[in-house]
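The values are calculated or read from the model by the stated rules, or taken from the named source; none is laboratory data. Just so it is clear, the structure is predicted and the values come from calculations on it, not from any experiment. Counting neighbours? That spans all protein chains shown, and the Cβs are built from the backbone with ideal geometry, glycine included. Areas reflect the complete protein model, heavy atoms only, side chains present, ligands, DNA and RNA absent. Shrake-Rupley method; radii C 1.70, N 1.55, O 1.52, S 1.80 Å.
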Amino acid sequence: MAGPKEPHGEQPKKVLALLRASTKQQDMETQQSNIDFYCLKQNFNLTVVETFVFPGITGSVVHKTAEFQRFLKRLASPEITGVVFSQLDRMMRVKELDAFGEFKIFRTGHKLIYCDLEKPLNLSNHDDVELIAKTLIEAEKERQKIKFRTQGAKERLILDPEVNITKLPRGVEHVKDTKKYGP
């Protein structure tokens, strides 16, 4: 990925970094490695001044956390030019339409979004706004598909008398609470 070329001697832009992993399969180390790559001079020439980490927080609720609100306040600082993510959908999922309101600071504060795309995203640019909205909506649709498939698989396993969904690894005991879970 080749980003915009910076003139020799230009100071790196100060940005915030955001890492979010809602599942164990999402790797914070890989996200950090990607962010480090984007910060290189030959890419976006960025210096991360503060990193915000959201382990175990889903993208559909992250914008409601106190730490995310602190992130937005820090982003409003004049010396901060934007935020860098491993991928755009790491910021949040847009399950609720009002979640898009969290992007207002990017437009009013002239902040940029740096991520896995070839250029920074600018919310003053209509094409960039459409790309961000489309990406976040598609990520939410994918999350919904995964949730549907997972729930469907669980329901099929429960109905299959040949499958013992209560089988646990050797040495692990299962306490059956028939009042709560049924026979």
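Below are the figures for this structure:
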read-out: Ordering of 79-85, 137-143 by burial proxy (mean other Cβ atoms within 10 Å per residue, highest first); value: 79-85, 137-143
read-out: In nm, spacing of pseudo-spin labels at residue 41 and residue 104 (7 Å Cα→C-beta vector); value: 4.0
read-out: Largest-first ordering by accessible area, 1.4 Å probe, given options 149, 74; value: 149, 74
read-out: Net charge over other residues, Cβ less than 15 angstrom from the Cβ of residue 76 (K, R count +1; D, E count -1); value: +4
read-out: Rel. contact order, % - alpha carbon contacts under 8 angstrom, at least six apart, the stretch 4-90; value: 44
read-out: Largest to smallest accessible area among 72, 117 [probe 1.4 Å]; value: 117, 72
read-out: Label-point separation in nm, residue 145 to residue 10, each point 7 Å along Cα→Cβ; value: 3.8
read-out: Point-to-point label distance, residue 24-residue 134, nm (Cα→Cβ direction, 7 Å offset); value: 3.6
